[in-house]
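The values are calculated or read from the model by the stated rules, or taken from the named source; none is laboratory data. Keep in mind that what you see is a predicted model, and the values were worked out from it rather than measured. Note that each Cβ is placed from the backbone with ideal geometry, even for glycine, and that neighbours are counted across all protein chains shown.
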């Protein structure tokens, strides 16, 4: 039965894989039980400590370094399995750095071996830093600056619908924190480009910000909330809209007849239902009157979110003018 199984496995092409796995397991087992010393390179994170008050890193620092250790096979296997959940790191102490300093890593860690942090229980002997050989540190004044957010969101409502008002983003400003040299010239931050096509309902969505700064710059927010009111288009007749007379001389008194008009407005259904007659501005300018003409066509100004207005009634207004006694 077993020879048939092996023959079937070989025919299906799994035999080389099976032998490879078996060979790897034997080598790994010999490696683990061996008490011989090996050299092994471990990638370790770099941590910067004790930056002076009021200062911050002026540029990015290499986040990791390749470090060569010496240990038994068993110790290295333990390191491979547990390094990701253990506190391995290289520490650069900037307590004495005021502006710039070049750390030559092997010289530095030979002198301050305690800065090579290996958790207890890991029997590793530090040999050298393989890469990089040095790190340049530059410090700059720490700055906090508020900047405005510019929206790159575009909304295209579905036919029969309208976006009332412009889209709103929140927050409108964010804070950048980091080196003065980098952020002092920043005026605004843009959102990622986003398009909403065929919108029929109100929009509320988180939009990421385009933060292209080095890692030494922090932002109070990484995204903003975009909101837009999408309403179906409707019509409404507005009655009792008052007529205002402009630029009347001090020695005259003028009266519009009729004193109110009506007209039809088109716009978002919730928006136009909330309009008051006083929101629409109908006026006659005394300076534009033609002498001898009794009826005059008033000018009409409606709120920005009204799509259009029509059917002004009456179309003209008579103006009665009286001279005040001196």
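Give just the number: which of (1) farther than 12 Å from residue 231 by Cα; (2) at pLDDT 95 or above does residue 184 not satisfy?
Of (1) farther than 12 Å from residue 231 by Cα; (2) at pLDDT 95 or above, only one is false for residue 184: (2).
May I ask you to list the residues in the stretch 49-62 that are within 27 Å of the chain's Cα centre (by Cα) and assigned to a strand (DSSP E or B)?
Correct list: 55, 56, 57.
Counting just the residues of the stretch 278-318 that are in a helix (DSSP H, G or I) and over 30 Å from residue 201 (Cβ atoms), which one comes out modelled with the highest pLDDT?
Per the stated criteria, the residue is 278.
Would you pick out the residues in the stretch 300-326 that are within 16 Å of residue 248 (Cβ to Cβ) and surrounded by 12 or more Cβ atoms within 10 Å (Cβ to Cβ)?
Within the stretch 300-326, 317, 318, 319, 321 qualify.
In the stretch 151-165, what residues are without any contact (Cβ under 8 Å) to a residue 60 or more places away in the chain and either in a strand (DSSP E or B) or over 22 Å from the mean Cα position of the chain (by Cα) (or both)?
Passing the criteria: 154, 156, 158, 159.
Please go through the stretch 142-180 and give me each residue that is touching a helix residue (DSSP H, G or I) at 6+ places or on another chain (Cβ under 9 Å), surrounded by 18 or more Cβ atoms within 10 Å (Cβ to Cβ) and under 29 Å from residue 51 (Cβ atoms), ordered by number.
176
Considering each of 135, 189 in turn, give the residue that is closer than 27 Å to residue 43 by Cβ, touching a residue at least 24 places away in the same chain (Cβ under 8 Å) and surrounded by 17 or more Cβ atoms within 10 Å (Cβ to Cβ).
On inspection, the qualifying residue turns out to be 135.
Hey, which of the strands (runs of 3 or more DSSP E) in the stretch 63-148, taking only ones fully inside, have at least 2 residues that are under 32 Å from the mean Cα position of the chain (by Cα)? Spell out how you get there, then give the answer.
Details: elements: 64-72, 89-93, 100-104, 125-131.
Correct list: 64-72, 89-93.
From 272, 245, 203, 207, which residue is more than 30 Å from residue 321 (Cα to Cα) and outside the structural domain of residue 160 (by TED's automatic domain parsing)? Break it down stepwise before answering.
Working: 245 fails: more than 30 Å from residue 321 (Cα to Cα); 203 fails: outside the structural domain of residue 160 (by TED's automatic domain parsing); 207 fails: outside the structural domain of residue 160 (by TED's automatic domain parsing).
None of the other options fit; the residue is 272.
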